[in-house]
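Taken together, the values in this text are just the output of simple stated rules run on the coordinates, not laboratory data. All values derive from a computational prediction rather than experimental measurement. Note that each Cβ is placed from the backbone with ideal geometry, even for glycine, and that neighbours are counted across all protein chains shown.
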């Protein structure tokens, strides 16, 4: 069989399973239907905390927490009376602020403690994991009692600006959380409400990581690859897919930048060596550390003696947030945060605080996943689709900018 025949065979298999999805509504998900599936704090951190809390309304005591400890190989943790804290604010001794997504700790003095930094869309902040690690050590007084997890969709490492000293472990939705949730489902198989809620969340993880939910479909493709000499194409297909991902991402940034420039926005490209988009994208795909902090910032307007910028950075998807600069290009978000957040609350756009920055919750770009693209992202390889998306987004930014200027003035 040649490669064209193989692709035709895969296309036929996909068509069959797409029809099954349409017939049985197997692709329905309540979190996606409510458009909250991407919400890092208000959905994911709170839902995970709910499951981990032995005293929560799920009435399963520490069953879910024990399964979590087993999945992450944490031993000698007293789970029965564990305390779970969500969205914990604290002040570091040097004056730096911290915002910890999830804390799970034993009762008593010098407790064992689990700290989870839930990083789906937002970018790393300066000394973020270092601050959390130092915070945890103040309570445990023993590094062996502290477990700091960096939870991401696919399990990549943090940037050096976040963790230079912290002893942290990687954790992923794709593997660790998915396995844990599926084990929880087995435990509550006879409790329909819990079982279905967990099943829907497991399906949401598949969606966020672009994993197919129907393993029969995957197994049929696997069998097709094993037939004749099809295995000889696997390496070439993998390489081609990676190159396609790189091309997709480069086209996205170039088209987005051009669209902003066409509307006379002032743009700063950060993390791009010599403004080289291709090199930045390749580093992002080929490396796992110190390559995740790049993107573009567009100037919006001034507030007092500060310039307001809207920033776009890539983690797995595109995160959008507000920052402020002074006349010397110093980041002064802490100085003007209360002012800008007060104004943002009066606009028709939803922002939330993440790592000290106001993050734009929902926009056209926030649903894009460039780490694990689906057909939605690959469709942007068509020039007209890419231009339509970026132009629509720039129009949305223009509307946001105009509303912001009216409120300030």
- [ ] Please give, to one decimal in nm, the separation of the simple spin-label points placed at residue 353 and residue 378, each 7 Å out from Cα toward the Cβ.
- [x] 4.3 nm
- [ ] Starting from the Cα-Cα distance between residue 170 and residue 110, subtract it from 0.36 nm times their residue separation and give me the gain in nm to one decimal.
- [x] 19.2 nm
TODO: Would you please give the FRET efficiency between residue 263 and residue 232, computed as 1/(1 + (r/R0)^6) with r the Cβ-Cβ distance and R0 = 56 Å, to the nearest 0.05?
DONE: 0.70
Task: R0 of 35 Å, Cβ-Cβ distance residue 364-residue 199: FRET efficiency to nearest 0.05 - done: 0.75
Open item on the list: Can you compute the modelled spin-label distance between residue 73 and residue 388, with each label point 7 Å from Cα toward Cβ, in nm?
Closed with: 4.8 nm
